[in-house]
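Report on the structure given below.
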Amino acid sequence: MLPEVVFVLGAPGAGKGTQCSLISEEFDFVHLSAGDLLREERQRPGSEYGEMIEEKIRNGEIVPVEVTCSLIHKAMEKSDKNRFLIDGFPRNKDNLDGWQRVMSDKTKLLFVLFFECSRELCTSRCLGRGAAGSGRSDDNLESLQKRFNTYMNDTLPIINHYDKLGMVRRVNAESAPSEVFEHVKKCFTNLDVQS
Ligand code: C5P
Ligand code: MG
């Protein structure tokens with residue numbers, strides 16, 4: 001059976017990572033965060049992409065898909081599981097095209113989970129995360145403005161693309177994590193994947 005995939009999208013600070021952790025605790029999905037995989041690759045001694053990744057992350061820009069897609073692909077292969085939450089991907093047309101080229105025949109996309117949250121709340125969450133010591137070089141106001149521009153200009157069109165295909169499940173992500181998760185659960189319970 002082809003590996004099954006759910007793409008998880010939403011503005012920076014919408015709660016993608018938090019909800020993916022909760023989903024993977026309750027359902028049989030492996031959480032793969034594109035941002036986390038890129039941050040890991042940036043730290044890997046000898047990585048030829050470290051500096052490029054750091055610059056893109058600090059500027060809220062999107063890393064070329066060849067790098068991101070191969071990290072995702074490797075992480076999927078390393079796992080012995082067959083269902084994946086791919087968090088923070090595809091973020092732009094380059095991501096989408098690269099995935100279609102290399103991965104769409106190898107996987108089955110179940111749906112796109114889209115977290116909706118106001119810019120104000122997302123910004124204050126990311127700034128709070130930075131103040132609490134996230135250590136992320138992009139949880140500051142300047143990077144956040146750039147991340148939001150990228151989200152509006154490059155990521156929303158991808159969500160619209162999947163929306164036209166009827167593949168988007170949207171969840172309001174403005175309340176507390178446990179309350180958001182109550183709604184998220186409904187997207188997964190009809191998949192016969194409960195562990
Ligand atoms: O999803 P997350 O907020 O962790 O992403 C942090 C940064 O990682 C993004 O702003 C972007 O610079 C980079 N990224 C990327 N391509 C992706 C996901 C994340 O370049 N598909
Ligand atoms: Mg995240």
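FYI, it's all coordinate maths here, none of it is from the lab. Just so it is clear, the structure is predicted and the values come from calculations on it, not from any experiment. Every residue, glycine among them, receives a Cβ derived from its backbone with ideal geometry; neighbour counts consider all protein chains shown.
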For the chain, set up a Gaussian network in which alpha carbons nearer than 10 Å are linked by springs, and say which option among Lys74, Lys108, Lys146 fluctuates the most.
-> Lys74
Mind listing the long-range amide H neighbours of Ala11? Cut-off is under 5 Å, sequence gap 5 or more, other chains count too, H placed in the peptide plane at 1.01 Å from N.
-> Cys117
Per the Cα gyration tensor, segment 125-181 corresponds to an equivalent ellipsoid with semi-axes, largest first in Å, of 26, 18, 7
Check the straight Cα-Cα distances from Lys185 and name the lysines below 18 Å, setting aside those fewer than 8 residues away within the same chain.
-> Lys16
The chain: antiparallel DSSP beta bridges as a percent of all, rounded to 5 = 5
Lys, Arg +1 and Asp, Glu -1 on Cβ, resulting dipole of segment 1-152 about Cα centre, debye, nearest 20 = 140
Ratio to report: Rg/Rh of segment 56-195, with Cα atoms as the point set and Rh obtained by the Kirkwood method; give two decimals.
-> 0.96
Quick one: length gained pulling Asp97 to Lys74 fully straight, 0.36 nm per residue minus the C-alpha distance?
-> 6.4 nm
In debye, nearest 20, what is the charge dipole magnitude of segment 83-137 about its Cα centre with +1 on Lys and Arg Cβ and -1 on Asp and Glu Cβ, if you could check?
-> 140
Quick calc, Thr189 & Gln43: beta-carbon distance into FRET formula, R0 30 Å, rounding 0.05, result 0.25
Segment 1-120: relative contact order as a whole-number percent, Cα under 8 Å and 6+ apart | 52
Could you work out how far the C-alpha centroid of segment 53-73 sits from that of segment 107-181, in angstrom?
-> 17
What helix-only [θ] at 222 nm does the chain give? Using -39500 (n - 2.57) per DSSP H run of at least 4, over all residues, to the nearest 500, the answer is -15500 deg cm²/dmol
For His161 and Ser124 in one chain, what is 0.36 nm times their gap in residues minus the Cα-Cα distance, to one decimal in nm?
-> 10.5 nm
Quick shape check on segment 41-118: root eigenvalues a ≥ b ≥ c of the Cα gyration tensor, a/c under 1.5 is rounded, otherwise prolate if a/b tops b/c, else oblate, and it reads oblate
